[in-house]
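This report concerns only the one structure given below.
The values are calculated or read from the model by the stated rules, or taken from the named source; none is laboratory data. A quick note: this is a predicted structure, and the numbers were derived from the prediction, not measured. In this analysis, Cβ positions are derived from the backbone assuming ideal geometry, glycine residues included, and neighbour counts consider all displayed protein chains.
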């Protein structure tokens, strides 16, 4: 399939809830950038994290293989530094091929989970 | 009414929760592509499902009649193969006429339901 | 302020939950099209409701005054006919001046509420 | 990084829930415009609040420093006047440099929280 989407995407509302009540990785509070690469070339994505009161962190580097999707949890980013919990942040993703990015958060701090999701802001 | 929308749409955050607590089909955990065809010609839609670690599945084929909406649950897709539960996936929908697609998930794994929704990413 | 937005908007995932557990109008299950008219002319909006298996209903007609917002609950539409509960539908809004439309649902069928929201699909 | 985004953004569904059940500022019912300024110049943002039945309020003025994000709670706006609770409103943000805006609400009126989020409507 043709490569669909944009080369750059922004997520303004980053926040990893600092606690969880569910059991297991699936119900752990987390925040994800869901990345779709429909094309026939692997996508190399550089991620920059912006904060309220310090210089940005990154780039974090991930690859999304051709014709694959990666639901990347920001909880899992550690290099060059972890993404802090309970802290406002924002994200820019820059890819060498077109991709589609959707932003989703699962919050299980209280006994029942809450979900939010939105298409990210895409641009070339 | 004129046919409104785009010919191709992408949903990056596909995930069918693997359990439910609500009673009946309405409160069953599910994920849907809500498709609107405002025009006067039937829409023939080919759906491709992308995964993290295997080649895409599909095409799944659905029709949305002229001047109708179809709230398609991915849970209900079986041909050429079911969409796995509890697995990250992504979706591309390709239509022969313009349509509008919105993505919605109802998660009732815990005792109270959670909802997410976003306009999908549209392009011609 | 200048009139901001688009003349036509589509919402593909219409659904009014058929029950509620909260007390009062605010916690009643409902679905709304939040309409913003930033300009200096009143907006006259014609709304068409699409269904799965019958011809569309409408037009419903609402006005949004200059420099005002209207959070229109589909529950409150009665002319030419009520919008059925527990039924999949979709919506097109057509305005004579540019407006911005956001779609929100509050679901209080179970003991705790769930929310979804997305910018609608806008076009001229 | 280059300044990413648009100069003007609209949020049509403004509503600050009038109560909370969670403990502390983090679980307090609130509504936020998450603003990302990726560029190398500070962003000066003028905010106008629209209502159902009165003239707009504002401008409220906030700054988002270069390479920073600000998750602005409408609850915290007081000058020229507080944003009323339990009241429908809408928002326009106008910036002198490109920004990205995402709209998020946390509702903790009932015992478990609910979340909604969407990219705002951007335009130049």
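Could you tell me whether residue C:10 is closer than 25 Å to residue B:103 by Cβ, facing another protein chain (nearest Cβ under 7 Å) and part of a strand (DSSP E or B)?
Against the criterion (closer than 25 Å to residue B:103 by Cβ, facing another protein chain (nearest Cβ under 7 Å) and part of a strand (DSSP E or B)), residue C:10 qualifies.
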(message) Considering only segment D:27-34, I want to know if a residue exists there that is within 19 Å of residue D:124 (Cβ to Cβ) and out of contact with any helix residue (DSSP H, G or I) (no Cβ under 9 Å at 6 or more places or on another chain).
(response) no
(message) Against the conditions (1) in contact with a strand residue (DSSP E or B) (Cβ under 6 Å, 6 or more places away or on another chain); (2) within 14 Å of chain D (Cβ to nearest Cβ); (3) modelled with pLDDT of 95 or more, where does residue C:48 fall short? Just the number, please.
(response) (2)
(request) Using the structure shown, decide if residue A:17 is assigned to a loop (DSSP other than H, G, I, E, B) and either more than 10 Å from chain D (Cβ to nearest Cβ) or surrounded by 21 or more Cβ atoms within 10 Å (Cβ to Cβ) (or both). (result) yes
(message) I need a count of the residues in segment D:23-41 that are part of a strand (DSSP E or B) and over 15 Å from residue D:6 (Cβ atoms).
(response) 3
(request) Name the single residue, out of those in segment D:109-121 being more than 7 Å from chain A (Cβ to nearest Cβ) and under 15 Å from the mean Cα position of the chain (by Cα), that is farthest from residue B:114 (Cα to Cα). (result) D:121
(request) Please work out if residue A:71 is in contact (Cβ under 8 Å) with a residue 60 or more places away in the chain, in contact with a strand residue (DSSP E or B) (Cβ under 8 Å, 6 or more places away or on another chain) and crowded, with 16+ Cβ neighbours inside 10 Å. (result) no
(message) Residue under question is residue D:43, and the condition is that it be buried (at least 24 other Cβ atoms within 10 Å of the Cβ) and more than 10 Å from every other protein chain (Cβ to nearest Cβ); does it hold?
(response) yes
(message) Checking the structure you have, find out if any residue of segment D:24-31 is within 14 Å of chain A (Cβ to nearest Cβ), surrounded by 19 or more Cβ atoms within 10 Å (Cβ to Cβ) and at pLDDT 95 or above.
(response) no
(message) Just checking, does segment C:107-121 include any residue being touching a residue at least 12 places away in the same chain (Cβ under 8 Å), over 14 Å from residue C:7 (Cα atoms) and surrounded by fewer than 16 Cβ atoms within 10 Å (Cβ to Cβ)?
(response) yes
(request) Report yes if some residue within segment D:83-98 is at pLDDT 95 or above, within 7 Å of another protein chain (Cβ to nearest Cβ), within 27 Å of residue A:112 (Cα to Cα) and buried (at least 24 other Cβ atoms within 10 Å of the Cβ); otherwise report no. (result) no
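Yes/no per residue for (1) more than 24 Å from residue D:57 (Cα to Cα); (2) at pLDDT 95 or above:
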| residue | (1), (2) |
| --- | --- |
| C:11 | yes, yes |
| C:21 | yes, no |
| C:34 | no, yes |
| C:39 | no, yes |
| C:52 | yes, yes |
(message) Residues that are within 14 Å of chain C (Cβ to nearest Cβ) and surrounded by 17 or more Cβ atoms within 10 Å (Cβ to Cβ): does segment B:55-63 have at least one?
(response) yes
(request) From the list B:57, B:3, B:43, B:90, pick out the single residue that is in contact (Cβ under 8 Å) with a residue 40 or more places away in the chain and within 22 Å of residue A:102 (Cβ to Cβ). (result) B:90
